[in-house]
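The values are calculated or read from the model by the stated rules, or taken from the named source; none is laboratory data. Computed from a prediction, not measured in an experiment: that's the story for all the values here. Note that each Cβ is placed from the backbone with ideal geometry, even for glycine, and that neighbours are counted across all protein chains shown. Heavy atoms of the whole protein, side chains included, go into the accessibility calculation; ligands, DNA and RNA do not. Shrake-Rupley method; radii C 1.70, N 1.55, O 1.52, S 1.80 Å.
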Amino acid sequence: MDSEQSFKFFPQSRMSKEFPLSAWIIGWIAIYKAFLWLATDPNVADANILVIAGYKYLFFMIPFLLFGIGIWNLRKWAVWGIAAASVADLLFFLVYHPAFTTLQVDVTSSLARILTLIMVGINGPVSDILILVSIPFLIKHSKNFGQETEK
């Protein structure tokens, strides 16, 4: 196996100007989605909602991390995996409506509002929708991976 085709945690190619921007962005979103929930402190009165949301985030942590890195490696399996994980995450919010209460925006200051909007965007359904919209672009770039290095 060619060294450029091997799976790497931080592939050097992702820093190239020729690297697909959609793969770079979606890779970061997936990795942030895996861990950013750990930095949240939702103010929800019902502890059961937090427990269920916590299990959901724990369950999705490894897949989003793995698929994000796989997308950086331009792997087709990672594209299909992130699509499935995003659909499942969206379905969670659609089926379990109380989960939306964990996505609160802090309005105490402008900076807090901006930072919590970013966290809500990544932890919530907005990032899932963005990932699903980008799937055709990711498939397009992952389809030819490996063929370019053999030329």
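For the reader, a short list of remarks on this structure follows.
- For the range 26-121, the solvent-accessible area of protein heavy atoms averages 53 Å² per residue (probe radius 1.4 Å; ligands and nucleic acids excluded).
- Projected area averaged over orientations for the range 10-125, convex hull of C-alpha atoms, nm²: 7.9
- In Hz, Karplus ³J(HN,Hα) per residue of the range 30-37 (6.51, -1.76, 1.60; θ = phi - 60°; x = Gly, Pro): 4, 5, 4, 4, 5, 10, 4, 4
- Surface composition of the range 60-142: carbon plus sulfur atoms hold 82% of the accessible area, using a 1.4 angstrom probe and ignoring ligands, DNA and RNA.
- Per-residue 3J(HN,Hα) values for the range 90-101, derived from phi via the Karplus relation 6.51 cos²θ - 1.76 cosθ + 1.60 with θ = phi - 60°, read 4, 4, 4, 5, 6, 7, 10, 4, x, 4, 4, 5 Hz in sequence order (x marks Gly and Pro).
- Estimated FRET transfer efficiency (K76, S16; beta-carbon r; R0 22 Å; 0.05): 0.65
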